[in-house]
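Here's the structure we're looking at; comments come further down.
The values are calculated or read from the model by the stated rules, or taken from the named source; none is laboratory data. On a predicted model such as this, the values are computed, not experimentally measured, just so you know. Here the Cβ positions follow ideal geometry from the backbone for every residue, glycine too, while neighbour counts run over all protein chains shown.
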Amino acid sequence: MGSGLLSLVGNAPPPDQTEPSPGPDTGPIVANGAFDTDEPANSYRDVTTYNNFYEFGQGKSDPARNAGTLHTRPWTIKVEGAVAKPQTIDIDDMLTWFPLETRIYRMRCVEAWSLVIPWVGFPLGALIKRLEPTGNAKFVEFTSLLRPEEMPGQRAPILAWPYVEGLRLDEAMHPLTLLATGLYDNPLPNQNGAPIRLVVPWKYGLKGIKSIVKIRFTDTQPNTIGDRFPGGDHSAAGPGLR
């Protein structure tokens, strides 16, 4: 999907994504209704063709058109900072550490639209406990992939790349906070943040950083994308980043 020149410039027609595409086996997935909204989920096509992912363009259909250029294997996540077990983790090893579960959440954008999405993933808190942050850790900082040869939106200075987001440690440990690796019981499509992204259902979608390659524990508030604009106003780059 999207490997040709037309796709890179955003002029190729959107792919037909009415159904999930086959992907690697994600292992057993457990339904966890305790945290689900009772609202009906949006269609797979809605969720995979209406996205904010500026690394692949600024239009809502650009990520679905352009994200085929992204290679998600091999993929590692570097863990550093105020943590007892700094390490670099292969995504496929991480997926064996925790049982995957479904969570049906409403994702809200600052642009005043929303989608109800059946995510697949595991609680961020489970990973944090395994990594053993030290007493100095007050915040968790997340960094997205920086690879402009595969993410054409990064070739333009519309944001201070790479995308960086953060949570207080207590927010990161909240049972609703999810590291998502799939949706609709299938692996995450590239345009939705493959292979791993953050989902924080009580915050706007811009906090849901995609294609994570680094997690850093720190005693200071992370310098996120929003903070890098004058006055800390993320709207300087247009309403609704994610």
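Exactly one of these conditions fails for Asp170: (1) loosely packed, with under 15 Cβ neighbours inside 10 Å; (2) at negative phi; (3) in contact (Cβ under 8 Å) with a residue 12 or more places away in the chain; (4) among the acidic types (Asp, Glu). Give me its number.
Among (1) loosely packed, with under 15 Cβ neighbours inside 10 Å; (2) at negative phi; (3) in contact (Cβ under 8 Å) with a residue 12 or more places away in the chain; (4) among the acidic types (Asp, Glu), Asp170 violates only (3).
Which residues, taken from the range 173-193, are more than 9 Å from the chain's Cα centre (by Cα) and closer than 17 Å to Leu70 by Cβ?
Gly182, Leu183, Asn186, Pro187, Leu188, Pro189, Asn190, Gln191
Could you look through the range 37-55, keep only residues that are closer than 16 Å to Leu70 by Cβ and among the aromatic types (Phe, Trp, Tyr), and pick out the one that is farthest from the chain's Cα centre (by Cα)?
So, considering only residues that are closer than 16 Å to Leu70 by Cβ and among the aromatic types (Phe, Trp, Tyr), the one farthest from the chain's Cα centre (by Cα) is Tyr54.
Take the range 70-87 and flag every residue that is in a strand (DSSP E or B) and either more than 20 Å from Leu178 (Cα to Cα) or in contact with a helix residue (DSSP H, G or I) (Cβ under 8 Å, 6 or more places away or on another chain) (or both).
Answer for the range 70-87, where residues must be in a strand (DSSP E or B) and either more than 20 Å from Leu178 (Cα to Cα) or in contact with a helix residue (DSSP H, G or I) (Cβ under 8 Å, 6 or more places away or on another chain) (or both): Thr76, Ile77, Val79, Gly81, Val83, Gln87.
Which residue pairs have Cβ atoms closer than 8 Å, lie 6 or more positions apart in sequence or on different chains, and pair a first residue in the range 70-95 that is within 23 Å of Gln154 (Cβ to Cβ) and touching a residue at least 24 places away in the same chain (Cβ under 8 Å) with a second residue that is exposed (fewer than 13 other Cβ atoms within 10 Å of the Cβ) and among the β-branched types (Val, Ile, Thr)?
Cβ pairs passing all conditions: Thr76/Thr88; Ile77/Thr88; Lys78/Thr88.
Among the numbered criteria (1) farther than 22 Å from Pro175 by Cβ; (2) within 14 Å of the chain's Cα centre (by Cα), which single criterion is violated by Asn136?
So the condition that Asn136 fails would be (2).
Specify which of the listed residues (Arg155, Arg242) is modelled with pLDDT under 95, out of contact with any Ser or Thr (no Cβ under 8 Å at 6 or more places or on another chain) and not hydrophobic (A, V, I, L, M, F, W, C).
Of the residues listed, the single one that is modelled with pLDDT under 95, out of contact with any Ser or Thr (no Cβ under 8 Å at 6 or more places or on another chain) and not hydrophobic (A, V, I, L, M, F, W, C) is Arg242.
Is at least one residue of the range 18-36 loosely packed, with under 14 Cβ neighbours inside 10 Å, β-branched (Val, Ile, Thr), within 16 Å of Thr69 (Cα to Cα) and at pLDDT below 65?
no
Could you tell me how many of the residues in the range 195-218 are touching a helix residue (DSSP H, G or I) at 6+ places or on another chain (Cβ under 7 Å) and not hydrophobic (A, V, I, L, M, F, W, C)?
1
Consider Tyr163 against the criteria (1) in contact with a helix residue (DSSP H, G or I) (Cβ under 6 Å, 6 or more places away or on another chain); (2) of a type in the set (Phe, Trp, Tyr); (3) surrounded by 23 or more Cβ atoms within 10 Å (Cβ to Cβ): it satisfies all of them except one. Which criterion is unmet?
If we test Tyr163 against (1) in contact with a helix residue (DSSP H, G or I) (Cβ under 6 Å, 6 or more places away or on another chain); (2) of a type in the set (Phe, Trp, Tyr); (3) surrounded by 23 or more Cβ atoms within 10 Å (Cβ to Cβ), just (1) comes out false.
Anything in the range 194-225 that is buried (at least 20 other Cβ atoms within 10 Å of the Cβ), farther than 27 Å from His71 by Cβ and at pLDDT below 95? List them, or say none.
Once the filter is applied, which keeps residues that are buried (at least 20 other Cβ atoms within 10 Å of the Cβ), farther than 27 Å from His71 by Cβ and at pLDDT below 95, the range 194-225 yields nothing.
Examine the range 47-62 for a residue that is on the phi < 0 side of the Ramachandran plot, among the acidic types (Asp, Glu) and touching a helix residue (DSSP H, G or I) at 6+ places or on another chain (Cβ under 9 Å), and state whether such a residue exists.
Yes, there is a match, as at least one residue in the range 47-62 is on the phi < 0 side of the Ramachandran plot, among the acidic types (Asp, Glu) and touching a helix residue (DSSP H, G or I) at 6+ places or on another chain (Cβ under 9 Å).
Taking the condition of being farther than 16 Å from Ile209 by Cβ, in a helix (DSSP H, G or I) and of a type in the set (Gly, Ala, Ser), how many residues in the range 43-69 meet it?
2
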